[in-house]
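Beneath this line is the structure, given in structure tokens, with notes to follow.
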Amino acid sequence: MKRNYIKYSALLFLGATIFSACSESFLELTPKGESLESNYYSSPDEAYAGVIAAYSPLSSDGFEWNYSTTLGPLNSASDDCAAGGGSSSDMSTWQAMNDYSQLTSANMPSIMWNLDFTGVANSNLILSKLGAVPGLSSALQTRYTAEAQFLRAHYYFDLVRLFKNVPLMTTSVTLTEIYQQTQAKPEDVYAQIEKDLIAAIPNLPATVTSDENGRATQGAAKALLGKVYLYEQKWALAAAQLQDVNGTPGGTSQYGYHLLANFGDIFSPDNKFNAESIFEIQHTQSQNYSWGNWNMCHGNIYVEMIGPRSYSLTANYPGNTSTNMFYPGWGFNPILPGLVSVMQNDPRYKYTIINLDSLMAVGQCYYSKSSSYQATGYFIAKYAPLLKYKSTTGTPELNFPNDYIEIRLADTYLMEAEALVQAGTNQSRAQALLDAVRARVGLSSIPATLTNIYNERRLELATEGHRWFDLVRTGQAATVLASKNFTKGKNEILPIPLAELTNTKLVQNPGY
């Protein structure tokens, strides 16, 4: 893995200059230069660029070498995967998420804080400018405002779940003010998230055209609000909000969402923004990223991270083609035997887990298991670096096009089912929602109990970054993650990054 250390403080970034970017299609970013905030936002095009800047941290995979996405650290922290890589020091922050005894303020994925606060800053900035952009129509001002509100809520939802005690900023702040920020009460952060989403929903489009795929919609905002209510244990509100998204279980919702017939089709780069996708984070391979500009990358580097090390396909093995060959990767997030065990008879197994040891045993391929730390022989299938998606320009490792569907319909089905059971209302609908998720993959009905719903979430959403949050919010983390040295009352949240405590009023989280 190429080493290139780039450090910065996200709070300091809040007062930095604005880098403008325009695009031919959404998030196909082509930098047009650099402008100061004071002389920017003087046209509708510049307002649009400001909105795109607010979205940009969602798909940014860089800024410091302790590279991170949502998936890598969260999968490492869960019982789905280990950290993996080339050694016990490879991506030390992922190793710390995998072994909580290593998790410190100085050794944690600080980029998760950095990118979310960059998103907050960009959202606040465009919200402060939209009312004074010459030539911007009322309709566009209304939509852009709603998008920025949605995004600010999204970033703060990540922050409050990951760190709990964070500063709450709803206006642009000066460099001097940055150092004076204190942490808000978590309930106040949640209240602001609710406020932003409730304000955004009526002003977001019900659907978007293909060239706007990835932008916030009413369905995405309602799904996120329902999820927020679920985390706050506002069961009735969560169920009502999610029902509005889900519609009739197994049918097509008012927003056109429905479960795909083939589970494996959900994750294919050939099937982006499919009918099951509610909020999808877009990646592109069309911008030819290389190691010289990797820290601005909007390709999906995680795809390369999880591929097998020193992989090659046996040329004379019957049936081998380029369509089932992997691009060699770096061996991160090997799947743990526990997940293999619970999924081995599940129809979703083959779309979730690759048993590379079994393929190597019959001569179909080779990979260097001995050079892979924490190797299990099992790899993530949902985001596998298939050779057919290898970029022909730029550095291939940086330019995989696989999107990340952050919220999809089966997820919202199961969240609504959980909320209904917790509220003790409409058990028949909860049952129908659980049944629909299972029927899609040919599984029979089981009772809609909390235990069964939690288990279904693990099987349906394995390796998609939800498991750690589910374990924490349901109180199962200390037991399930005991082998990873999870400490109850401490590791439910991450430490505040060490750099953010220097010359600020921020206080470290308890236990760190």
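Separation of segment 138-177 from segment 204-242 is 16 Å, based on Cα centroids. Measuring nothing but how far apart in sequence close Cα pairs (under 8 Å, 6+ apart) lie, relative to its length, segment 299-405 scores a relative contact order of 42 percent. Ranking LEU127, ASN39, THR504 by Cα position along the charge dipole of the chain, where only Lys, Arg, Asp and Glu carry charges on their C-beta atoms, puts THR504 farthest toward the positive end. Taking amide H as placed 1.01 Å from N in the peptide plane, ILE278 has its amide H under 5 Å from the amide H of ILE407, ARG408, LEU409, each at least 5 places away in sequence or on another chain. Here's how it looks for GLY84: its modeled amide H is under 5 Å from those of ASN333, which are all 5 or more places away or on a different chain. The charge dipole of segment 299-405, taken about the Cα centre with unit charges on the Cβ atoms of Lys, Arg (+1) and Asp, Glu (-1), comes to about 100 debye, rounded to the nearest 20. With the gyration tensor restricted to C-alpha atoms of segment 142-247, the semi-axes of the equivalent ellipsoid amount to 25, 19, 10 Å, longest first. Quick one, could you list the DSSP H helices from the chain stretching 18 Å or more along their long axis (Cα atoms) with average Kyte-Doolittle hydropathy of -0.5 or above? Helix filter hits for the chain: 111-129, 138-163, 186-200, 218-231, 409-423, 427-440.
Remark: the chain carries a charge dipole of roughly 760 debye about the Cα centre, counting +1 on each Lys and Arg Cβ and -1 on each Asp and Glu Cβ.
The fewest-to-most ranking of HIS258, HIS283 by surrounding Cβ atoms within 10 Å reads HIS258, HIS283. If contacts are Cα pairs under 8 angstrom and at least 6 residues apart, what is the relative contact order of the chain in percent? Relative contact order of the chain: 20 percent. The length gained by stretching the chain between SER268 and LYS195 to full extension, at 0.36 nm per residue less their Cα-Cα distance, is 22.8 nm. In this structure the amide hydrogen of CYS365, modeled in the peptide plane, comes within under 5 Å of the amide hydrogens of THR314, MET360, none closer than 5 places in sequence on its chain.
Dividing the summed helix terms, -39500 (n - 2.57) for each DSSP H run of n ≥ 4, by the number of residues in the chain produces a 222 nm estimate of -11500 deg cm²/dmol to the nearest 500. By the beta-carbon count within 10 Å of each Cβ, the least crowded to most crowded order of ASP265, ASP90, fewest first, is ASP265, ASP90.
Between segment 416-438 and segment 342-356, the alpha-carbon centres lie 25 Å apart.
A short reminder: the numbers here are calculations on the coordinates, not readings from a lab. Predicted model only: the values in this text are computed from it and were never measured. Here the Cβ is made from the backbone with ideal geometry for all residues, glycine too, and neighbour counts use every protein chain on show.
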